[in-house]
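Please treat every number below as a calculation from the coordinates, not as lab data. What you are looking at is a predicted structure, and each value in this text was computed from that prediction instead of being measured. As a convention, Cβ positions derive from the backbone with ideal geometry for all residues, glycine included, and neighbour counts pool all protein chains shown.
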Amino acid sequence: MFKRINDSLGHQAGDELLIEVGKRIKHCLRSIDTVARMGGDEFAVLIDDFTTPQQVIQIIRDIRNEIRKPVNISSREVVISSSIGIVFKTASDVHPEHIIRDADISMYKAKEQGVNKFKVFNKTMHEKALQSLLIETEIRQGIPEREFFPYFQPVYSIQNRNLAGFEALVRWNHPERGFLTPDQIIPVAEETGLIVELDRVILFEACKFMASWLKCYPNIEDLFLTANLSPSQLSKPDLAEAIQTIVHETGISPTNLKLEITESAIMERNAASSLNLKKIGEMGIRLAVDDFGTGYSSLAQLQRFPASTVKIDRSFVSRMAADHESLEIVRAVNALGHSLSMDVIAEGVETRQQLILLKDIGCDYVQGYYFDKPQTKDDAKQLVQMRSDGFCPPGLTTI
Ligand code: C2E
Ligand code: CA
Ligand code: CA
């Protein structure tokens with residue numbers, strides 16, 4: 001907000017705003033407390049000599065409430081918000097800079113939770129911040145060292161009773177900690193923006209293997225590869241160009257490629273991401289809506305989104321046999337997808353009972369541990385060879 005005011009109303013207005021915020025904070029403090037501006041739009045407050053933490057929290061609440069009252073700047077009324085991090089000094093905190101650092105960490109935590117929030121620092125926050133800094137450094141080093149690669153989870157067609165494609169899922173061969181899965185990679189990569197590069201590495205590698213399998217077994221043309229596209233990737237101005245280059249360099253046909261975008265990312269679309277999606281579509285690459293059912297998107301949004309596939313989230317599939325509501329949701333999403341001319345993939349199929357229910361509902365594709373876990377490129381290639389030889393996977397032959 002501060003930056004926006006600076007950019008739209010000028011620096012003079014920005015200065016006026018800072019002075020006003022400083023005054024409001026001071027107004028909430030006692031004469032023994034201190035307020036200082038740390039830089040940019042950040043202030044630090046030192047609250048001295050209090051008897052209970054509640055006393056501090058009350059002061060913080062007052063500050064927050066004062067700040068969110070409208071401000072008159074350059075004869076315009078603007079409303080601003082705050083994010084506040086709180087550190088209670090302990091006997092072991094001897095360095096003022098550590099206290100400021102910890103306040104900063106908790107302020108960012110508060111920011112993550114939305115506007116006008118405050119958050120009290122705890123030790124785990126510091127440990128987590130350190131841990132994520134370490135992982136960030138390791139991801140940066142690991143990318144050029146080729147420590148990241150895709151695993152492939154097969155997707156089967158219920159109708160054809162055969163292998164239809166693979167989803168590429170990132171794995172990390174960490175030099176010390178061994179084999180790591182996305183839950184240990186993606187959150188930090190998202191937070192630091194490294195996900196953009198990581199997604200492109202995985203897309204490149206996965207396309208390269210898929211292209212080689214299709215070349216090896218020319219009797220299969222319709223095999224698809226799906227790869228995950230992180231939400232932060234979507235509005236990058238060079239996204240479409242980067243994908244074009246990957247397609248060109250790996251030799252995969254765009255018609256064999258699908259990109260998965262989560263339902264929640266679709267809702268946060270802006271002009272830049274819509275343009276990217278349009279360009280991706282024009283290249284002949286298809287789009288899939290991932291984790292459908294978890295993101296509260298409206299029917300209108302789904303209808304406007306140029307996807308060819310919808311993936312029903314695992315949470316509904318896993319409950320569908322025991323819980324009537326989940327079964328009805330799966331049925332409804334399947335019908336919705338079909339009515340929008342999309343094909344439907346059910347994720348996380350773990351039992352034969354789920355498979356039979358999905359077949360009865362009319363779902364097109366299934367993916368899950370009942371068939372296979374994500375696997376190495378060599379195992380995936382063997383499955384392609386089996387399909388090329390006309391072999392049907394056992395889980396599907398008997399339904
Ligand atoms: P996702 O896109 O929903 O991928 C499916 C996840 O469900 C995979 O977890 C897969 O191993 C797991 N799964 C598949 N079938 C079953 C099943 O029957 N039961 C259970 N319990 N789980 C099943 P994984 O590989 O750990 O990936 C987790 C998430 O990380 C993915 O969820 C995706 O959101 C993200 N991810 C993975 N690779 C990438 C990537 O290269 N880029 C980005 N942006 N995200 C990725
Ligand atoms: Ca996915
Ligand atoms: Ca999914």
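Listing for the model above:
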{"item": "Most mobile listed residue (Tyr370, Tyr108, Tyr151) in the chain, GNM with C-alpha springs under 10 Å", "result": "Tyr108"}
{"item": "Note, ³J(HN,Hα) from phi for segment 22-38, Karplus 6.51, -1.76, 1.60, rounded to Hz, x at Gly and Pro", "result": "x, 5, 5, 5, 4, 4, 8, 9, 8, 5, 7, 8, 10, 10, 9, 8, 8"}
{"item": "Among the listed pairs Lys208/Lys377; Lys236/Lys377; Lys236/Lys279; Lys111/Lys236; Lys208/Lys279; Lys89/Lys123, those beyond 18 Å (Cα-Cα)", "result": "Lys236/Lys377; Lys111/Lys236; Lys208/Lys279"}
{"item": "Helix 239-250 axis, angle to the chain major axis (alpha carbon atoms, nearest 10°)", "result": "40 degrees"}
{"item": "Gain upon complete extension [Ser132, Tyr296; 0.36 nm per residue less C-alpha separation]", "result": "56.1 nm"}
{"item": "Ordering of 295-301, 185-191 by packing [mean C-beta count within 10 Å, highest first]", "result": "185-191, 295-301"}
{"item": "Of Pro150, Pro182, Pro218, the one that fluctuates the most in a GNM where the chain has Cα springs shorter than 10 Å", "result": "Pro218"}
{"item": "Whole-Hz ³J(HN,Hα) from phi, Karplus 6.51 cos²θ - 1.76 cosθ + 1.60, for segment 363-378, glycine and proline x", "result": "5, 7, 10, 10, 8, x, 5, 4, 9, 8, 7, x, 9, 5, 4, 5"}
{"item": "FRET E, pair Ala335, Asn72, Förster distance 56 Å, beta-carbon r, rounded to 0.05", "result": "0.55"}
{"item": "Ser81 versus Ile220: modelled label distance in nm, points set 7 Å from Cα along the beta carbon direction", "result": "4.8 nm"}
{"item": "Sequence of Lys208, Lys3, Lys119 once ranked by neighbouring C-beta atoms within 10 Å, starting from the fewest", "result": "Lys3, Lys208, Lys119"}
{"item": "Tilt relative to the chain, helix 271-282 - C-alpha long axis, 0 to 90 degrees, to 10", "result": "10 degrees"}
{"item": "Computed E for Phe88/Glu268 - FRET, C-beta separation, R0 51 angstrom, nearest 0.05", "result": "0.90"}
{"item": "Per-selection Kirkwood Rh - segment 135-396 (Cα, Å, 1 d.p.)", "result": "18.8 Å"}
{"item": "Gain in span if fully extended, Asp378 to Arg177, counting 0.36 nm per residue against the direct Cα distance", "result": "70.1 nm"}
{"item": "The chain - charge dipole about Cα centre, Lys and Arg +1 at Cβ, Asp and Glu -1, debye rounded to 20", "result": "540 debye"}
{"item": "nm² value of the averaged projected area, convex hull over the Cα atoms of segment 166-305", "result": "9.4 nm²"}
{"item": "Approximate spin-label separation Asp15-Thr51, in nm, with each point projected 7 Å along Cα-to-Cβ", "result": "4.4 nm"}
